1. Of all residues in the range 111-120, which are open to solvent by less than 40 Å² (accessible area, probe 1.4 Å), of a type outside the set (Gly, Ala, Ser) and outside any strand (DSSP E or B)?
2. Does any residue of the range 133-146 turn out to be farther than 28 Å from Leu30 by Cα and of a type in the set (Lys, Arg)?
3. Inside the range 65-110, can you point out the residues that are touching a residue at least 24 places away in the same chain (Cβ under 8 Å), of a type outside the set (A, V, I, L, M), in a helix (DSSP H, G or I) and open to solvent by 40 Å² or more (accessible area, probe 1.4 Å)?
4. So, in the range 121-149, how many residues would count as being basic (Lys, Arg), without any contact (Cβ under 8 Å) to a residue 24 or more places away in the chain and in a loop (DSSP other than H, G, I, E, B)?
5. For residues in the range 167-177 being open to solvent by 10 Å² or more (accessible area, probe 1.4 Å) and of a type outside the set (A, V, I, L, M, F, W, C), which is nearest to His143 (Cα to Cα)?
6. In the range 162-178, is there at least one residue being among the hydrophobic types (A, V, I, L, M, F, W, C), over 16 Å from the mean Cα position of the chain (by Cα) and not in a loop (DSSP other than H, G, I, E, B)?
7. Filter the range 178-227 down to the residues that are in contact (Cβ under 8 Å) with a residue 24 or more places away in the chain and aliphatic (A, V, I, L, M), then identify the one that is most open to solvent (accessible area, probe 1.4 Å).
8. Residue check: is Arg100 in contact with a His (Cβ under 6 Å, 6 or more places away or on another chain) and either of a type in the set (Asp, Glu) or at pLDDT 95 or above (or both)?
Amino acid sequence: MNRARQAIQRVGFCALTLATSALPAHADPLPAGFVRLADIAPSIRQDIRYAGSDNFLHRRVNGYDAPVCILTLQAAQALAGVQKTMAAKGLTLVVFDCYRPARAVADMGEWTQEGGPPDRQWYPKVRRGDLIAKGYVGELSTHSRGSTVDVAVARAGDPSVSRPACGAVDANTLDFGTGFDCFDPMSETIHHPLGSEAAANRKLLVDAMRRGGFKNYAREWWHFTLGHEPFPSRRFDFPVSAN
């Protein structure tokens, strides 16, 4: 009887070992309530700048293991609704940043403390050490709650030709007066003076996002937070990963 029981236990152990070894080696499930945007709205273009070196730090930001947009399910579904509106106009959304780990926010803050002169492309009128005091880099970020997105609009077919003097370039977006992450008063959503085309494009984006349930941050025309976000008082720190 004991031998039979031992044999059964050995078979069970082997089966458990095989089942465990069959799991993906790099399984990285997201926290409950989060999704990758590509699984909800694959037609939205992703240009996640903090996963590379084409950003104001000129290097990859801590916590960005892949150039992937992650959002809460509610924010992703709302953004998919905005994308449908844009697609009807022959346009598409382009996201530059979505969920941002708390470690990335800390990395940005520590980077500002290193000091340095203005950067002609990203912060032309402010010294690096003053970016937090001037409100351009936050010690905390709504992005870490998972329902904030940095977004612009591009033509769905032919690439645009806008080449802003400040902020992200080569993003193939419509003319918004500045690029993403231009740390300058020119980036305020309602800024004067502003060219008529750029003003019209900012209004197009703000109106579409507002109808989709998002609120704009007045100092950054690209920054929107879902009005009824599911985690209004939580901040997350899991890495941005592809799988």
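The values are calculated or read from the model by the stated rules, or taken from the named source; none is laboratory data. This structure is a prediction, so every number in the text was calculated from the model and none was measured. Glycine gets a Cβ as well: all are built from the backbone with ideal geometry, and neighbour counts include every protein chain shown. Note: areas computed on protein heavy atoms with side chains; ligands, DNA, RNA excluded. Shrake-Rupley method; radii C 1.70, N 1.55, O 1.52, S 1.80 Å.
1. Trp111, Thr112, listed by residue number.
2. yes
3. The answer is Gln74, Gln77, Thr85, Arg103.
4. The qualifying residues number 1.
5. Per the criteria, the residue is Thr173.
6. There is no residue in the range 162-178 that is among the hydrophobic types (A, V, I, L, M, F, W, C), over 16 Å from the mean Cα position of the chain (by Cα) and not in a loop (DSSP other than H, G, I, E, B).
7. Ile190
8. yes
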